[in-house]
Amino acid sequence: MPTITLTVNHPAGLHARPAAEFVKTAAAFPCNITVRNITDDKPAVNAKSILSVLTLGVHQGYEIEVNAEGDQAQEALQAISDLIKNNFGET
Amino acid sequence: MLAELLEPDAILLHYPAQDAEDVVRQLSQKLFAKGYVHESFADAALHREAELPTGLVLDGKVNAAIPHTDVDHVIRPAVALATLSKPVIFRHMIDPTEEVPVQIVFLLALDQPKSQVAMLQEVASILQDAVIIERMMEADSVSDIIALLQR
């Protein structure tokens, strides 16, 4: 099953707008997507649930692991990777 | 952290809010009166809510909103809370075109971006607990609310 590891560089980490953008991106794909906070070693949660993503407590500089299974899994991971590498559309 | 930051004088229970703006202004005023935030906080929180809404759909009977704003408007960190006697409309955090009828509001006044993440984490975990939310909605006293959050 396809998995990628990413570093969140946004100053706010995965909260508020970055968290909303992350969930919005994940929810656009039909596959199951989970995300895990590697830095704090927490269990994986549903990447399409904003409350679940907020409970991960991902601060700036933290590493996350994103896993996708099912239809368009590769495309979903690509979209999430682009979002985070582009710092959620902020410069 | 939440139980410590929750200001007892900024808890409104079964508040009959006119609309979302009314709740945010009432709670902001309580925090302003206690010296936690600048007077600009209410306008700033409403402005942010219009641009980046914070309505959240919960699994239980009621939905929540977690308005907050830039750290510049905050003097000392605090959290204000309202349970509402009838729902008011907030916009959905993920899809701002969607209306969310909200009956529980956590207004977060935090002075560091990093503490915002930690607080959102704690508030989100409470919001996922349908039993606690139901008990908070039923609570008739500030001490009941604080006891529920001191888990």
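Readers should treat all values here as calculations from the given coordinates under stated rules, not as data from a laboratory. Note that the structure is predicted; figures quoted are calculated from it, not measured. As a convention, Cβ positions derive from the backbone with ideal geometry for all residues, glycine included, and neighbour counts pool all protein chains shown.
Data overview
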| item | result |
| --- | --- |
| B:Asp43/A:Ala79 FRET efficiency (R0 35 Å; Cβ-Cβ; nearest 0.05) | 0.45 |
| Ordering of B:90-97, B:76-83, A:22-29 by burial proxy (mean other Cβ atoms within 10 Å per residue, highest first) | B:76-83, A:22-29, B:90-97 |
| Whether the protein assembly as shown is rounded, prolate or oblate, judged on the alpha carbon gyration tensor where a/c under 1.5 counts as rounded | prolate |
| Under the Karplus curve 6.51 cos²θ - 1.76 cosθ + 1.60, θ = phi - 60°, whole-Hz ³J(HN,Hα) for segment A:29-35, x wherever Gly or Pro sits | 10, x, 6, 6, 10, 10, 9 |
| Selection from B:Thr54, B:Ala64, B:Ala3 lying farthest towards where the dipole of segment B:2-150 points positive, charges on Cβ | B:Ala3 |
| Nearest-0.05 FRET efficiency for B:Glu138 and A:Glu90, computed from C-beta distance (R0 45 Å) | 0.60 |
| Pairwise FRET efficiency - B:Gln150 versus A:Gln60, Cβ, R0 = 30 Å, nearest 0.05 | 0.55 |
| Per-residue average of Cβ from other chains inside 10 Å of B:125-132 | 2 |
| Set of aspartates and glutamates with alpha-carbon distance to B:Lys61 below 16 Å, sequence-local pairs under 8 removed | B:Glu99, B:Asp129, B:Glu134, B:Glu138 |
| Estimated vicinal HN-Hα couplings, Hz - segment A:6-18 in sequence order (Karplus 6.51, -1.76, 1.60; Gly, Pro = x) | 9, 10, 8, 9, 5, x, 8, x, 9, 9, 6, 4, x |
